[in-house]
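Colleague: Sharing a structure with you now.
The values are calculated or read from the model by the stated rules, or taken from the named source; none is laboratory data. Note that this is a predicted model, so its numbers are computed, not measured. Cβ placement follows ideal geometry from the backbone for every residue including glycine, while neighbour counts extend to all protein chains displayed.
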Amino acid sequence: MKILITAGPTREYIDDVRFLSNASSGRMGYCLAEAAIAAGHEVVLVSGPVDLPVPEGARVSLIETTSELRQSCLELFPRCDGVIATAAVCDYRPHERISGKLTKTGRPITLELTETSDVLAELGEQKEHRWVVGFALESQDPRNNAMRKLRMKQCDCIVLNDTSAISSLENTVEILSPEAETMAVMNGLKSEIAEKLIGFIEREIAR
């Protein structure tokens with residue numbers, strides 16, 4: 001299979017030096033890329049800014065903003081068999097990016113924020129014969145929020161984890177079906193979960 005994997009955070013710039021982002025390390029996505037290559041698959045990795053070595057054998061597209069992520073994914077997805085979307089997309093961007101660097105004035109400032117594109121929802125709309133595996137990082141009402149995302153983004157399954165996964169070498173995930181059933185529970189090192197998840201996708205999702 002040829003698998004598109006998204007990983008890491010996106011950044012939305014306030015001015016030329018400051019940005020909004022999140023604490024994603026990208027480790028889960030990179031582990032999945034390595035596991036997929038080890039299983040004999042072709043991997044296209046679209047990655048936000050991370051401090052991780054590029055997986056050997058992966059074709060990599062490095063991006064920063066959500067707009068760049070969207071552009072890369074829409075270009076690459078039609079030539080792939082499926083997507084595993086682990087990227088932690090920045091949900092909001094400044095309505096206007098300031099040219100140069102903001103100078104402190106001693107007074108509060110107000111930022112007007114606009115929602116960014118829902119990249120995975122767009123991929124879900126055009127998936128046709130392809131499969132879509134989403135990730136949901138939730139802290140409140142996790143199952144309901146994960147199921148809402150699965151349906152909005154037309155995922156074939158969604159991998160639910162919580163905020164303890166951020167910057168950790170380990171994780172615990174629950175894979176939910178479109179019928180809200182638990183298809184699998186996996187825990188351990190992210191590298192171990194990645195191997196199990198690739199096997200699960202081969203058996204249950206891509207067949």
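Colleague: Among the residues of the stretch 125-150, how many are within 27 Å of LEU20 (Cβ to Cβ) and either touching a helix residue (DSSP H, G or I) at 6+ places or on another chain (Cβ under 8 Å) or basic (Lys, Arg) (or both)?
Modeller: Result for the stretch 125-150: 10.
Colleague: Is there any pair with a first residue in the stretch 138-158 that is in contact (Cβ under 8 Å) with a residue 40 or more places away in the chain and a second that is surrounded by 13 or more Cβ atoms within 10 Å (Cβ to Cβ) and aromatic (Phe, Trp, Tyr) whose Cβ atoms are under 6 Å apart and which are 6 or more apart or on different chains, and what are they?
Modeller: ASP156/TRP131
Colleague: For the condition exposed (fewer than 15 other Cβ atoms within 10 Å of the Cβ), under 25 Å from THR182 (Cβ atoms) and in contact with a strand residue (DSSP E or B) (Cβ under 9 Å, 6 or more places away or on another chain), what is the one hit in THR163, THR86?
Modeller: On the way: THR86 fails: exposed (fewer than 15 other Cβ atoms within 10 Å of the Cβ).
One residue alone meets the criteria, THR163.
Colleague: Let me ask another. Looking only at strands (runs of 3 or more DSSP E) that lie completely in the stretch 132-207, which have at least 1 residues being over 18 Å from the mean Cα position of the chain (by Cα) and of a type in the set (A, V, I, L, M)?
Modeller: Details: elements: 157-161, 170-176, 182-189.
The qualifying strands (runs of 3 or more DSSP E) are 182-189.
Colleague: Within the stretch 89-122, track down each residue that is in a loop (DSSP other than H, G, I, E, B) and of a type in the set (D, E, K, R). It would help to see each step written out before you state the result.
Modeller: So in the stretch 89-122, the residues in a loop (DSSP other than H, G, I, E, B) come out as 89-91, 95-112, 116-118.
Correct list: ASP91, GLU96, ARG97, LYS101, LYS104, ARG107, GLU112, ASP118.
Colleague: Could you list, in sequence order, all residues of the stretch 35-51 that are touching a residue at least 40 places away in the same chain (Cβ under 8 Å) and surrounded by fewer than 21 Cβ atoms within 10 Å (Cβ to Cβ)?
Modeller: Of the stretch 35-51, the ones touching a residue at least 40 places away in the same chain (Cβ under 8 Å) are 35-36, 38-39, 41-50.
ALA38, ALA39, HIS41, GLU42, PRO49, VAL50 - these are the residues of the stretch 35-51 that are touching a residue at least 40 places away in the same chain (Cβ under 8 Å) and surrounded by fewer than 21 Cβ atoms within 10 Å (Cβ to Cβ).
Colleague: Please work out if LEU62 is touching a strand residue (DSSP E or B) at 6+ places or on another chain (Cβ under 7 Å), without any contact (Cβ under 8 Å) to a residue 60 or more places away in the chain, among the aliphatic types (A, V, I, L, M) and surrounded by fewer than 18 Cβ atoms within 10 Å (Cβ to Cβ).
Modeller: Values: touching a strand residue (DSSP E or B) at 6+ places or on another chain (Cβ under 7 Å): yes; without any contact (Cβ under 8 Å) to a residue 60 or more places away in the chain: yes; among the aliphatic types (A, V, I, L, M): yes; surrounded by fewer than 18 Cβ atoms within 10 Å (Cβ to Cβ): yes.
Yes; evaluated as a whole, the condition is true for this residue.
Colleague: Out of ILE63, ILE109, ILE3, ILE84, I need the residue that is hydrophobic (A, V, I, L, M, F, W, C) and over 24 Å from ALA136 (Cα atoms). Which one?
Modeller: On the way: ILE63 fails: over 24 Å from ALA136 (Cα atoms); ILE3 fails: over 24 Å from ALA136 (Cα atoms); ILE84 fails: over 24 Å from ALA136 (Cα atoms).
Answer to the selection: ILE109.
Colleague: Would you please list the contacts, defined by Cβ atoms under 8 Å and residues six or more apart or on different chains, that run from a residue in the stretch 81-107 that is over 30 Å from ILE175 (Cα atoms) and of a type outside the set (D, E, K, R) to a residue that is modelled with pLDDT of 90 or more and outside any loop (DSSP other than H, G, I, E, B)?
Modeller: Partner pairs satisfying both residue conditions: PRO94/GLU12; PRO94/TYR13; PRO94/LEU20; PRO94/LEU113; PRO94/THR114; HIS95/LEU113; HIS95/THR114.
Colleague: To continue, here is another question. Could you check, for the stretch 193-202, whether at least one of its residues is touching a Lys or Arg at 6+ places or on another chain (Cβ under 7 Å), surrounded by 15 or more Cβ atoms within 10 Å (Cβ to Cβ) and of a type in the set (D, E, K, R)?
Modeller: Kept after step one, since they are touching a Lys or Arg at 6+ places or on another chain (Cβ under 7 Å), are these residues of the stretch 193-202: none.
Checked against the condition, which is being touching a Lys or Arg at 6+ places or on another chain (Cβ under 7 Å), surrounded by 15 or more Cβ atoms within 10 Å (Cβ to Cβ) and of a type in the set (D, E, K, R), the stretch 193-202 yields no hits at all.
Here's the yes/no breakdown for (1) of a type in the set (D, E, K, R); (2) over 29 Å from SER191 (Cβ atoms); (3) in contact with a helix residue (DSSP H, G or I) (Cβ under 7 Å, 6 or more places away or on another chain):
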position	(1), (2), (3)
SER21	no, no, no
MET28	no, no, yes
LEU52	no, no, yes
LEU62	no, no, no
THR65	no, no, no
VAL83	no, no, yes
THR105	no, yes, no
